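Quick notes on the structure that follows.
What follows draws every value from the coordinates through simple rules; no lab data is involved. All values derive from a computational prediction rather than experimental measurement. Cβ sites come from the backbone with ideal geometry, for glycine too, and all protein chains shown count toward neighbours.
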Amino acid sequence: MFPWILCGILLLLNLLLLGWIYSLHSGIENICAQFDRRLREDTNNLIYVSSGDPHVRRLAAQLCMQLDILRRQRLLYENGDRELKESITNISHDLRTPLTAISGYLELLEREYSANCRRYLAQIRNRTEAMKDLTDQLFDYSLAVSVPRLQPAVLSLNGVLEECLAACYSRLTDAGIMPQIQIPPTPVHRTLDKVSLERIFNNILSNAAKYSAGDLEVNLDADGRITFSNSAPELTPVMTERLFDRFYTVETARRSTGLGLSIAKALTERMGGTITAICQNGRLTISLWFSNNE
């Protein structure tokens, strides 16, 4: 009789242990679900647990405390980031008006003065135009990294790329570049914001017009990967890693703000795409890819 009693006691203990493990498991699963919801919804609700286990309850309390710290830090970051973007927008807007007036007066002066004066005025105009480009790109960048609502639509990558190449063609040829283009006849469709996509293409093409050593290859694959490749003998791998950094320029003497590729990267990532740059054997290749999310 004694062995049967012992077996009964062991069975009861096992059942109690299984019940405790199940309760512990359910409590942890409940904590994970609430933790994930708080991260996604950015709510300040507490994490509640039904388990009476002190360790589980202490875990929930610690998570609540860390989530509150994270939420406060996120609010500070978002407020500071928003203020910075608003300041950039306001500064660039305020600079545009006097620069436009200066350009107008320069044009009038160029009609009145001698050849020497016109030469000096040309230098002033060159610097004024550089400042205008800077303010325009600062404004564009503030728009690109802010959160205006995108207007996605089903687009043909072929068509948008052809339009941008046509718009930049004269600028490329003026720089001595005759682009080699390969675009498949079958449309490659993606759901994207057209204005953002055009800006990405235009910024990359403008960068090629400034820095290419005299050539440019543009390829669109059937899977939607777009590559822009050009000779860049002076570009190093270290410099390539910084191409998407804000205000970074390969040559500071040229009229460039270092925002074009940074804007392209910000817009690409906002639309769920990827953009990379590699330099091999003196050749720079910028690759774009958007997933087929139709």
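Residues whose amide H lies under 5 Å from that of G224, counting only those 5 or more places away or on a different chain, are absent; hydrogens are built 1.01 Å from N in the peptide plane. Computed from label points 7 Å out along Cα-Cβ, the spacing between E217 and M239 is 2.1 nm.
If you sort the three axes of the alpha carbon gyration tensor as a ≥ b ≥ c, you get a/c of 1.5 or more for region 147-205 and a/b no higher than b/c, which makes it oblate.
What does the charge count around I278 come to, taking other residues whose C-beta lies under 15 Å from its C-beta (Lys +1, Arg +1, Asp -1, Glu -1)? Provide the component values of the computation, followed by the final result.
Values: positive: R225, R242, K265, R283; negative: E217, E241.
Summing Lys/Arg as +1 and Asp/Glu as -1 gives +2.
Backbone amide hydrogens, once placed in the peptide plane, bring L155 within less than 5 Å of R190, T191, L192, excluding anything fewer than 5 places away on its chain. Placing dummy labels 7 Å off each Cα toward the beta-carbon, the span from V154 to A167 is 2.4 nm. Rounded to the nearest 0.05, the FRET efficiency derived from the C-beta distance between I69 and E29 at R0 = 35 Å is 0.90.
With each label modelled as a point 7 angstrom along the Cα→C-beta vector, the R283-I124 pair spans 4.7 nm. Converting phi to 3J(HN,Hα) with the Karplus coefficients 6.51, -1.76 and 1.60 and the offset θ = phi - 60°, region 216-233 yields 7, 10, 10, 10, 10, 8, 5, 8, x, 8, 10, 10, 10, 10, 8, 5, 8, x Hz in sequence order, with x at every glycine or proline.
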